[in-house]
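Only one structure is covered here, and it is reproduced in the block below.
The values are calculated or read from the model by the stated rules, or taken from the named source; none is laboratory data. Source: prediction; values computed, not measured. No Cβ is skipped: glycine too gets one built from the backbone with ideal geometry, and neighbour counts run over all protein chains shown. For accessibility, only protein heavy atoms count, side chains too; no ligands or nucleic acids. Shrake-Rupley method; radii C 1.70, N 1.55, O 1.52, S 1.80 Å.
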Amino acid sequence: MSIGLVLLYYGLSSMQIPRSSGVLLHPTCFPSPYGIGDLGSPAYQFIDFLAASDQRFWQILPVGPTGFGNSPYMSYSAMAGNPMLISPEQLQMKGLLKDEDLAHLPEFPPDTIDFERTFPLKKSLLLKACDRFQREASSEQQEEFDKFCQRHAYWLDDYALFMALHNIFEDASWHLWEPDIAKAEPQAVKEWRERLRDRIYYQKYLQFEFFRQWSWLKQYANDRNIQIIGDIPIYVAHNSADVWSNRELFAIDEETGEASLMAGVPPDYFSETGQLWGNPIYDWERMEHNNYRWWIMRLKMMFEYVDVLRIDHFRGFEAYWEVDQGEDTAMNGRWVKGPGAKFFKVLKRELEGLPIIAEDLGVITPEVEALRDQFGFPGMKILHFAFGGGSDNPYLPFNLERNCLIYTGTHDNNTTIGWFNQIPDYERENAIRYLGGLSEEGINWDLIRLAYSSVANLAMIPFQDFLDLGAEAQMNRPSTSEGNWKWRYRAEMLSDQLRDRIRTLIYTYGRTPHDS
């Protein structure tokens, strides 16, 4: 039985992943002459590399259009795709860009994303492609576009108008727009839809193009037995189409439009003052009254993108940290009970199969674990957290249950080499003692072996660790707003030597499922 069928068979009640392995890498990290990774040929080459090295999963971060700080966890939409991932190469192959459009490209750094220069270039190319599509699309192509818009109207109409308005109001948050449209008054919405017709068409075209390019890549991956693990934040950004068009579902101040109750986490491993995310808290009582309709639509859309879904901050469904408007840190918050099992029971009833991974890191209580286990969701274990305590540390491999994912680190951690160089001496000594010494291969390969040899069903390794990279390749530094999400790898790093090295480890530790 293939992995996809296994996941579908087990569905919500018990998602058992076969013993296997995968790679954590966001699409923006691909090589590209356009300054940011996209869905062009390097994406397909990466899929080929995964398949050739006997990997079975590719895990990504959220793929929505990014807002403040370029963070994929602060998106303008919980359902839309990021236009910056659209490949100009693919547009050229479809005749929507010409050779002269792609001539004389500026030089971009090969290892990082220069957002300030990349975004204007990509936007200019996307405008040209949209204009050419609008003028020259065949009747069949136009029909395909119309069908896409109709099928996704439940989120696309509001999103396209929101983004058009966002540009008109010079990127100001929606609560600072003109009062009538800020409150999405029906007459104002009608008038602005007419006034911004061309801008709305452009936004819809971007989603159409993103979705078909992503669909091609997903099919290519699935055909090679690679399943894509997506990622959604439990919360959505305040400055998003979701909050603007559904403000009754969120804790929003009726007068100012600001978040009256904000999400975050108390002081933890990453920050002494906690993390104040600023996202508005859900009005779970009102969501329950309409049968969690918005969540059901969100998940249905996400499962068009991916095969498996990691829900970030899973513990928030059992209890969440709530901070009052006006606070500067997350220290003065409180725990509030979440929707719990009744929420997932509704999802089980409304959705056919729900392969979910629970991001259960941080302050985890027995109640959170019970909610996770009631529905058979695999949790996450991080080896970087394993050596700071004693033998009862839940991240040590001998304390793991099989139904979990084990990582060296995640996008919020340093690379393994970077981590090892900056941890306290006692923690480094604990790690060395546990490993029985360090090998000549390096600490990153020692931890990769440790993950692969564990009982965890799925070993998921950030690509930076396979590439022997240090702190310069860290994807995100929690509680900081600058310098994140920039790292990219170079094309020559996908070597045959690395492929064979990974395959050998996968074979050695029995992580190659037998597909029928």
In debye, nearest 20: dipole of the chain around its Cα centre with unit charges on the Cβ of K, R (+) and D, E (-)? 1400
Lys/Arg Cβ at +1, Asp/Glu Cβ at -1, dipole of segment 56-203 taken about the Cα centre: which of 102, 160, 142 is farthest positive-ward? 142
So with the 1.4 Å probe, I'd like the accessible area per residue for segment 406-454, rounded to whole Å². 41
Carbon plus sulfur, as percent of the 1.4 Å-probe accessible area of segment 16-63, comes to 58
With every protein chain kept in place and a 1.4 Å probe, segment 110-202 has an accessible area per residue in Å² of 57
Binning every alpha carbon pair distance of segment 343-450 at 5 Å from zero, what are the percents per bin? 2, 11, 19, 21, 16, 11, 9, 5, 3, 2, 0
In segment 381-460, what percent of the accessible surface is made up of carbon and sulfur (1.4 Å probe, ligands and nucleic acids excluded)? 48
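Run the accessible area of segment 188-291 with a 1.4 Å probe and give the carbon-and-sulfur part as a rounded percent.
The computed percentage sits at 44.
Relative contact order for the chain using alpha-carbon pairs under 8 Å, separation at least 6, rounded to a whole percent?
21
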A convex hull over the alpha carbons of the chain yields, per residue, a volume in Å³ of 150
